[in-house]
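The values are calculated or read from the model by the stated rules, or taken from the named source; none is laboratory data. Worth saying up front: this structure is predicted, and the values here are computed from it rather than measured. Note that each Cβ is placed from the backbone with ideal geometry, even for glycine, and that neighbours are counted across all protein chains shown. Side chains included, ligands, DNA and RNA excluded: accessible areas come from the protein's heavy atoms. Shrake-Rupley method; radii C 1.70, N 1.55, O 1.52, S 1.80 Å.
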Amino acid sequence: MPNPFPGMNPYLEHPEIWPGVHHWLIVELARSLSPQLRPKYRVAVEVRLYETIGEKSLLVGIPDLTVKGSQTTTEQPMTNVAVAPSPPQPQTVQVPVPETIKQGYLEVREVATGEVVTVIEILSPINKRSGEGRQDYETKRNKIFGSSTHLVEIDLLRKGKPLPIYHSNSQTHYRILVSRGDRRPQADLYAFNLRDTIPSFPLPLKSGDREPFVDLQVLLNNVYDQASYDLAIDYTQEPIPPLLADDHVWVNTLLTEQQLR
């Protein structure tokens, strides 16, 4: 079954599904771009590692302050016999465990010089929530902005705080930022919502070179088919993260029309 949504599928944002979607999209982008960029450029798949402890893990395992015991309606006679207190029983809790998160991204490199011409990033939740992961990514992002390297930043996640840009009053679900090294501080922002088709955009290269268009909608639909996400998603349930009220009605109508609800 093909992707039932005209644009981004909100069910793919589920925290258990998104890491696979991220990996598939990186590979699909590389596979699509490589033949179009030969022989002057090559596409390299790179991996960035984050050592992190999830913020939520610090909250799990905190015992309740009030422990309710069984109650009885039968009054017990008072006695003078001392009763030894029951020894405290251990509780099963969880502790925060350091985790290594691998995040893939793409570099378009000029074959003759090895120069990184363009970096393509697909954001993950760790980039959009406060913590070391966001700080590390923003540091790299700022280094790119201070260089001549182009940056393509793809944000297909509704949850989290968007990365900073200036002079934009659009608040949309998703964004694609194309920042050309020779045009900064100006950049092209493709802002779109759940009901929209994902816009295509040109991949920035060196001046004078033909720039291929990236049809991210086609690539996402290919990933949906290749990874058989129709078998992993239960469309009778609500997506995570949840939808706003108007979008909830629209999604319900869309899925009902396609007999998925």
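Is there any pair with a first residue in region 134-153 that is farther than 17 Å from ILE176 by Cβ and a second that is in a helix (DSSP H, G or I) whose Cβ atoms are under 6 Å apart and which are 6 or more apart or on different chains, and what are they?
Once the first residue is farther than 17 Å from ILE176 by Cβ and sits in region 134-153, its partners that are in a helix (DSSP H, G or I) give ARG134/ASN127.
I'd like the full set of residues that are in contact with a strand residue (DSSP E or B) (Cβ under 9 Å, 6 or more places away or on another chain) and among the small types (Gly, Ala, Ser), limited to region 169-218.
SER170, SER179, GLY181, ALA187, ALA191, SER200
With the requirement that a residue be surrounded by 14 or more Cβ atoms within 10 Å (Cβ to Cβ) and β-branched (Val, Ile, Thr), what does region 229-261 give you?
Once the filter is applied, which keeps residues that are surrounded by 14 or more Cβ atoms within 10 Å (Cβ to Cβ) and β-branched (Val, Ile, Thr), region 229-261 yields ILE233, ILE240, VAL251.
Looking at region 108-115, is at least one residue free of Cβ contacts under 8 Å to residues at least 24 places away in the same chain, open to solvent by 10 Å² or more (accessible area, probe 1.4 Å) and basic (Lys, Arg)?
Initially, region 108-115 is screened for residues free of Cβ contacts under 8 Å to residues at least 24 places away in the same chain, giving 113-115.
Cutting the leftovers down to open to solvent by 10 Å² or more (accessible area, probe 1.4 Å) gives us 113-115.
Narrowing further to those that are basic (Lys, Arg): none.
The answer is no, given that none of the residues of region 108-115 is free of Cβ contacts under 8 Å to residues at least 24 places away in the same chain, open to solvent by 10 Å² or more (accessible area, probe 1.4 Å) and basic (Lys, Arg).
Looking at region 206-245, which of its residues are modelled with pLDDT of 95 or more, part of a helix (DSSP H, G or I) and either among the aliphatic types (A, V, I, L, M) or more than 16 Å from LEU12 (Cα to Cα) (or both)?
If the condition is that a residue be modelled with pLDDT of 95 or more, part of a helix (DSSP H, G or I) and either among the aliphatic types (A, V, I, L, M) or more than 16 Å from LEU12 (Cα to Cα) (or both), then LEU216, VAL218, LEU219, LEU220, VAL223, LEU231 are the ones that fit.
So that you can scan it fast, the table gives a plain yes or no per residue for (1) at negative phi; (2) not hydrophobic (A, V, I, L, M, F, W, C):
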{"position": "ASP209", "(1), (2)": "yes, yes"}
{"position": "ASP215", "(1), (2)": "yes, yes"}
{"position": "VAL218", "(1), (2)": "yes, no"}
{"position": "ASN222", "(1), (2)": "yes, yes"}
{"position": "SER228", "(1), (2)": "no, yes"}
{"position": "ILE233", "(1), (2)": "yes, no"}
{"position": "THR236", "(1), (2)": "yes, yes"}
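When you scan region 149-159, do you find a residue that is farther than 16 Å from LEU25 by Cβ, open to solvent by 70 Å² or more (accessible area, probe 1.4 Å) and within 23 Å of the chain's Cα centre (by Cα), even just one? Give the steps one after another, and end with the answer.
If we filter region 149-159 for residues that are farther than 16 Å from LEU25 by Cβ, which is where we start, we get 149-151, 158-159.
Checking which are open to solvent by 70 Å² or more (accessible area, probe 1.4 Å) leaves us with 159.
This time we only want the ones that are within 23 Å of the chain's Cα centre (by Cα), so: 159.
Yes, region 149-159 contains a residue that is farther than 16 Å from LEU25 by Cβ, open to solvent by 70 Å² or more (accessible area, probe 1.4 Å) and within 23 Å of the chain's Cα centre (by Cα).
List the strands (runs of 3 or more DSSP E) inside region 67-183, counting only whole elements, that have at least 1 residues being modelled with pLDDT under 85 and under 23 Å from LEU216 (Cβ atoms). Give the derivation first.
Numbers: elements: 99-110, 116-122, 150-155, 174-179.
Where strands (runs of 3 or more DSSP E) fall fully within region 67-183 and carry at least 1 residues being modelled with pLDDT under 85 and under 23 Å from LEU216 (Cβ atoms), they are 99-110.
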